1. Whole-Å semi-axes of chain B's equivalent ellipsoid, largest first, each the root of 5 times a Cα gyration tensor eigenvalue?
2. With θ set to phi - 60° and the Karplus curve 6.51 cos²θ - 1.76 cosθ + 1.60, what are the ³J(HN,Hα) couplings of the range A:76-91 in order, to the nearest whole Hz, using x for Gly and Pro?
3. Please express the Cα-Cα pair-distance distribution P(r) of the range A:206-259 as a list of whole percents, one per 10 Å bin, running from 0 to the bin with the greatest distance.
4. Could you tell me the distance between the Cα centroids of the range B:1-40 and the range A:74-153, to the nearest Å?
5. Straight-line reach from A:K14: which aspartates and glutamates fall under 17 Å, measuring Cα to Cα and dropping same-chain residues less than 8 apart?
6. Pairs to check: A:K249/B:K43; A:K249/B:K18; A:K119/A:K147; A:K7/A:K220; A:K188/B:K55; A:K121/A:K147. Give those whose C-alpha atoms are more than 25 Å from each other in this structure.
7. Enter the mean number of other protein chain beta carbons within 10 Å of the beta carbon of each residue in A:46-59, as an integer.
8. At 222 nm, what value in deg cm²/dmol follows for chain B if DSSP H runs of at least 4 each add -39500 (n - 2.57) and the sum is divided by all its residues, to the nearest 500?
Amino acid sequence: MSLDYVKFSNGFEKFMPKEYRDMVEHGPFGKKVSVSQMGSFKEVLEEHPMCAGCAMTLFIRLAMIAFPNPEDTITVGTAGCGRLAISQAAIPFVYGNYGDQNGVASGLSRGLRLRFGDKPKDVVVMAGDGGTADIGFQQVLHSWFRKERFTTIMLDNEVYGNTGGQESGMTNRGAVLKMAPLGKKFEKMDMVQMAKVAGCAYVATVVPNNPRRVESVIKKAVLIAREVGSTYIQAYTSCNIEYAIPTDKVMEDAKTVENDRYAFSEYVSDEAKQYLTERYGYKEFLSKPATPAAIPSKA
Amino acid sequence: MYLVADINVEICASKSCKLCTQYCPEANTILYSEEMGKDQGFKYGSAYVAVDRCKGCAQCVWVCDNMAKNNAIKMIMIDQLPKAALTDNVTYGEKSTTAVLASPVVG
Ligand SMILES: Cc1ncc(C[n+]2csc(CCOP(=O)(O)OP(=O)(O)O)c2C)c(N)n1
Ligand code: SF4
Ligand code: SF4
Ligand code: SF4
């Protein structure tokens, strides 16, 4: 967990695959990279078996670029489509049993603090809507109530994608899926509200059709989780297979869903605002200077 | 046979907005080269596709047509590509990449 872990052992460089050499020499480790430089540096994410055109893949790709210190980050995941890509990156990945991910991440982030003290080591959970809001619900909520300092990202495709289309708590009412043929009878769960009630210091909803915004919310969430408390990002990451979205229309769908039920929202606690401002130089939370009082005209 | 994305350097380099690479779901697939455009007298470089990583979703086509409004990308059967970039022939530099284009791409 430092810049050393990606370096070559003496004498081994010539045996390493080209992709690995490119990553060591031109990857994001130890540098600041951004979405605007995409296409010019080697990304840590490698080839993986997620479906062509999947919006979740794009979101994971953007997330890995947004991590403030990829060399000091561990991702935690669970059963579901996302782990197929998250595990294929040069960032250590821990695979929790289905639904265990926030329990695993709690222990991991506490252990890292014991071992490394104040040196930030970031833990980021990325799991599906089923893994987060259904099977992992209890562990997710409790980690938030305990104010565990790591980031939880829900990859919300509004379905159990990996197992062929069962409804989840995050599926919309009325949605007809292969394994929910009568249509879902209940409303989509309001996990954003629950995150706020449980005391998360940062809560955001985002869709992947605005890469810079994805980058910005992930950076804030990871930084805040270093010291202030739990952070939660809920991202709409459509499943083009289970919802039959033509792959070249995935971004059009993201825009429609953003307008319908996934408007960008961001809650930042006062403590987190102060922390980002003082520690990381964020300007957006500074109170606007009061308009200067009109100078009284001389009589 | 299957389709992959192909970027027309002349059309792309006139705009070179880099939007397609920000929206391609696959990492390290749509890359950017300063040389590719500048070699042809354009002020900016061009995007290009490492076709061995492309999954053929055509999202980049939608992005270039509808967001960039530049129509620089077409889907082409992989064996019909006259020349294309493959990951093995890509070299990363400080701010951009270069690629030696291979021909034929398959077969
Ligand atoms: C304890 C347990 N129960 C069931 C499964 C089977 N399983 C694997 S992935 C999955 C659904 C994943 O859905 P979601 O979390 O929404 O992620 P998605 O695949 O949609 O990204 C299930 C039920 C499992 N792996 N472990
Ligand atoms: S099944 Fe759906 S969510 Fe899973 S990789 Fe395919 S498109 Fe993405
Ligand atoms: S979106 Fe179109 S114009 Fe913009 S970089 Fe890509 S190919 Fe070039
Ligand atoms: S077709 Fe899809 S995978 Fe291929 S370059 Fe375009 S966006 Fe990327």
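All of the numbers you see were taken from the coordinates with simple rules; none came from a lab. As the structure is a prediction and not an experimental result, all values here were calculated from the model. For neighbour counting, all protein chains shown are included, and Cβ atoms are generated from backbone atoms with ideal geometry for every residue, glycine included.
1. Details: eigenvalues 70, 57, 32 Å².
Its equivalent ellipsoid spans semi-axes of 19, 17, 13 Å.
2. 10, x, 7, 3, x, 4, x, 4, 5, 9, 4, 6, 9, 10, 7, 10
3. Result, from short to long distances: 23, 41, 24, 11, 0 percent.
4. 35 Å
5. Result set, ordered by chain and number: A:D22, A:E25, B:D88.
6. Working: A:K249/B:K43 32 Å; A:K249/B:K18 19 Å; A:K119/A:K147 19 Å; A:K7/A:K220 28 Å; A:K188/B:K55 32 Å; A:K121/A:K147 17 Å.
Distance filter (> 25 Å) returns A:K249/B:K43; A:K7/A:K220; A:K188/B:K55.
7. Numbers: counts 3, 8, 2, 0, 3, 3, 9, 9, 5, 3, 1, 6, 8, 1.
Rounded to a whole number, the mean comes out at 4.
8. One gets -3000 deg cm²/dmol as the mean residue ellipticity at 222 nm.
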